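The block underneath contains the structure these notes are about, expressed in structure tokens.
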Amino acid sequence: MRGTPQAQPDFLTVINLNACVPPSHPLRAIKRRVDAVLEKLSPLFEELYADEGRCSIPPEQLLKARVLCALYSVRSERLFCDQLGYNLLWLWFLDREFSEGSFNHSVFAKNYERVLSADVAKLFFAEVYDLSRQEGWTSDEHFTADGTLVESWASLKSFVRRDGTDRKQLQAAKDDDPGNPSVDFRGEKRCNATHRSATDPDSVLYRKAKGKEAKLCFGAHLLMENRHGLCADFTIHNPITVPEPVMALRQLDEHTALHEGTAPKTLGADKNYHQQQFVRGCRQREVAPHVTCKDGVRVPGLDRRTLNQVGYQCSQRIRKRVEEIIGWMKVVGGLRRSRYRGQERTQAWGYFVAGTYNLLRLARLELVTSN
């Protein structure tokens, strides 16, 4: 017998959001850890808000919204607010009643400015990593370093001369086509010393390797612990003034100083780190440089006494996991290209994406061990 659709009844319905979420849903493990982290950050939120005035959107919901945006690849705050009104899972995760519905996207974006700072984001990331250490998932001895590039929210057309000599040419192009002006810079030599992006001055024109195209971008460097592949540190930097080998040693020092009990013994890396400065820096810190060697290149401090060890082979095998973190952060977390202008705001978003990856990784590890 053919069934017929029935119109939905127009009367009051009571919905228990907690009952709508399956007990085995991975977001439950993430929510439990996020709530524990936000409870520690509560004193900081008290300092950010005034004692009087109209109540704003709770900062806990703003930070949880960051986690959801990274988990579900939401590209903008407006799109998040549009979907929040009918997504019961998200409403439950934010601790909102179904009757409250979604936020006003303009108010939501305005309130974001208060928590979208590198300090708040770094504390959130650090608390998540400390939680993983307390649960015994991380290693305090073996690490891996790698770098990548994050495209800035600026086009090559915005890369203009610092002295303003091409201002008339650009203005003429904008008068001809205000929406998408045609700028012909063919045959013109452009470099960071003479040019600068008018849209995002913090970005630089840089290419990752020979044969690659140059882009306006930021450098992004990641430190991974080797036990379960959790992100130990994530830093946005200038790839020209601070190269990747220097940033790796700097991150290792900051991580050791920040987390008590950390005593690095090995640091794995790819061929880009097969340099005398990096190897010497590792030896000075009494850390074994487990670096992939370039053919025909000899670096003092890295010979067969290190390469023939079982630990070196293990580090080289585990080193590939850092590419998985970078790939997830770019494809799922939306960090292939920054959605904000400036290095500070890009760094803040990077901390949230890296912290979200760790939360998802912890939830998966818990599920595997429980089964």
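Numbers below:
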read-out	value
Residue list for segment 274-327, filter: within 26 Å of the chain's Cα centre (by Cα) and open to solvent by 60 Å² or more (accessible area, probe 1.4 Å)	317, 320, 321, 323, 324
Candidates 147, 136 - the one that is in a loop (DSSP other than H, G, I, E, B) and either aliphatic (A, V, I, L, M) or closer than 30 Å to residue 266 by Cβ (or both)	136
Selection within segment 270-299 - in contact with a Ser or Thr (Cβ under 7 Å, 6 or more places away or on another chain) and hydrophobic (A, V, I, L, M, F, W, C)	287, 288
Test: residue in segment 213-236 that is at pLDDT 80 or above and polar (S, T, N, Q)	yes
Subset of segment 328-358 (residues that are in a helix (DSSP H, G or I) and open to solvent by 30 Å² or more (accessible area, probe 1.4 Å))	328, 330, 331, 343, 344, 345
Residue list for segment 11-37, restricted to those being open to solvent by less than 20 Å² (accessible area, probe 1.4 Å) and at pLDDT 90 or above	27, 29, 30, 33, 34, 37
Single residue of segment 143-192 satisfying the filter (exposed (fewer than 12 other Cβ atoms within 10 Å of the Cβ) and hydrophobic (A, V, I, L, M, F, W, C)) that is nearest to residue 274 (Cα to Cα)	191
Selected residue (only one of 230, 249, 223 is among the aliphatic types (A, V, I, L, M), open to solvent by 10 Å² or more (accessible area, probe 1.4 Å) and under 21 Å from residue 320 (Cα atoms))	249
Residues within segment 266-292 that are under 15 Å from residue 319 (Cα atoms) and among the charged types (D, E, K, R), tallied	2
Pair list, Cβ < 6 Å and 6+ apart or interchain, from segment 157-173 residues that are among the hydroxyl-bearing types (Ser, Thr, Tyr) to residues that are open to solvent by less than 100 Å² (accessible area, probe 1.4 Å)	158/197; 158/198; 158/199
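The values are calculated or read from the model by the stated rules, or taken from the named source; none is laboratory data. These numbers were taken from a predicted model, which means no experiment stands behind them. All Cβ positions, glycine included, derive from the backbone under ideal geometry; neighbour counts span all protein chains shown. Side chains included, ligands, DNA and RNA excluded: accessible areas come from the protein's heavy atoms. Shrake-Rupley method; radii C 1.70, N 1.55, O 1.52, S 1.80 Å.
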